[in-house]
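This report concerns only the one structure given below.
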Amino acid sequence: MHEMSLAINIVEIACQTADQNGAVKINSIEVEVGKLAGVLEDSLSFCFKAAQNKTAAENAQLEIISIPGKGHCKTCNISFNTESFFTLCPNCKGISIEIIDGKDLKIRAINVD
Ligand SMILES: [Zn+2]
């Protein structure tokens, strides 16, 4: 499962970061999940619980921040929110759209003691 490998990755990065900072406990991990990243948030939360087991992140909360998808029309040079990669410009109905935000999953913050 896609979300499982992401969850393992998040836990590994958090543990490494905690280690580098001499932290003993990870309280929470904030991740930004783009609406167009193809990640199911519920599934990610579920997998995280399995992945954090018996690690330094065992008691950490996973906080998921949803980032809306954003497209940019090259024809009229405007940006707009979108839920899909396959979208038309809301202004000119054109197809010269570049997706500029909401494609990624990234760790925003790791809060440690
Ligand atoms: Zn346009």
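The values are calculated or read from the model by the stated rules, or taken from the named source; none is laboratory data. Small disclaimer: the values here were computed from a predicted structure and weren't measured. Methodologically, a virtual Cβ is constructed for each residue, glycine included, from the backbone with ideal geometry; neighbour enumeration extends over all protein chains shown. These accessible areas exclude ligands, DNA and RNA; they are computed on the full protein's heavy atoms, side chains included. Shrake-Rupley method; radii C 1.70, N 1.55, O 1.52, S 1.80 Å.
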Next on the checklist: Starting from the 7 Å offset along Cα-to-Cβ, what nm value, one decimal, do you get for the label separation of Thr75 and Thr55?
Outcome noted: 4.6
Checklist outcome for this item: Computed ³J(HN,Hα) along the stretch 31-39: with the Karplus parameters 6.51/-1.76/1.60, θ = phi - 60°, integer Hz and x for glycine or proline, the list is 10, 9, 10, x, 4, 9, 7, x, 10
Item to check | Full-stretch length increase - Asp42, Ile65 - with 0.36 nm per residue and alpha-carbon distance subtracted | outcome: 7.0 nm
Next on the checklist: Explain nothing, just compute: Karplus ³J(HN,Hα) = 6.51 cos²θ - 1.76 cosθ + 1.60, θ = phi - 60°, for every residue of the stretch 74-89 in order, whole Hz, x for Gly and Pro.
Outcome noted: 6, 6, 9, 6, 10, 10, 8, 7, 8, 9, 9, 6, 9, 9, 9, 5
Checklist entry - Cα to Cα, under 15 Å, and not fewer than 8 places away if on the same chain: which aspartates and glutamates meet these conditions relative to Lys70? => result Glu32, Glu83, Glu98, Asp101, Asp104
Next on the checklist: Can you list residues from other chains, or at least 5 along the same chain, whose modelled amide H is less than 5 Å from the amide H of Ile78?
Outcome noted: Cys73
Checklist entry - Whose amide H sits under 5 Å from the amide H of Leu105, counting only residues 5 or more places off or on another chain, with H placed in the peptide plane? => result Gly34
Checklist entry - Counting only protein heavy atoms and using a 1.4 Å probe, what share of the accessible area of the chain belongs to carbon plus sulfur, as a whole percent? => result 49
Next on the checklist: Can you compute the helix-only [θ] at 222 nm over the chain? Use -39500 (n - 2.57) per DSSP H run of at least 4 residues, normalise by all residues, nearest 500 deg cm²/dmol.
Outcome noted: -9000 deg cm²/dmol
Item to check | Cut-off under 5 Å, modelled amide H: who pairs with Gln61 long-range | outcome: Ser28, Ile29
Checklist entry - Within the chain, what percent of beta bridges assigned by DSSP are antiparallel, to the nearest 5? => result 70
Checklist entry - Accessible area per residue of the stretch 1-46 at 1.4 Å probe, in Å²? => result 55
Checklist entry - Taking all pairs of different Cα atoms in the chain, averaging 1/r and flipping that mean, what Kirkwood radius in angstroms comes out? => result 15.3
Checklist entry - Once you mark the trypsin sites (Lys or Arg not before Pro) that are in a DSSP loop and have at most 15 other Cβ atoms within 10 Å, what is the longest gap between them in the chain? => result 26-53
Checklist entry - Residue by residue, what Karplus-based ³J(HN,Hα) values in Hz, rounded to whole numbers, does the stretch 90-101 have, using 6.51, -1.76 and 1.60 with θ = phi - 60° and x for Gly and Pro? => result x, 8, 9, 6, x, 10, 7, 10, 10, 7, 10, 8
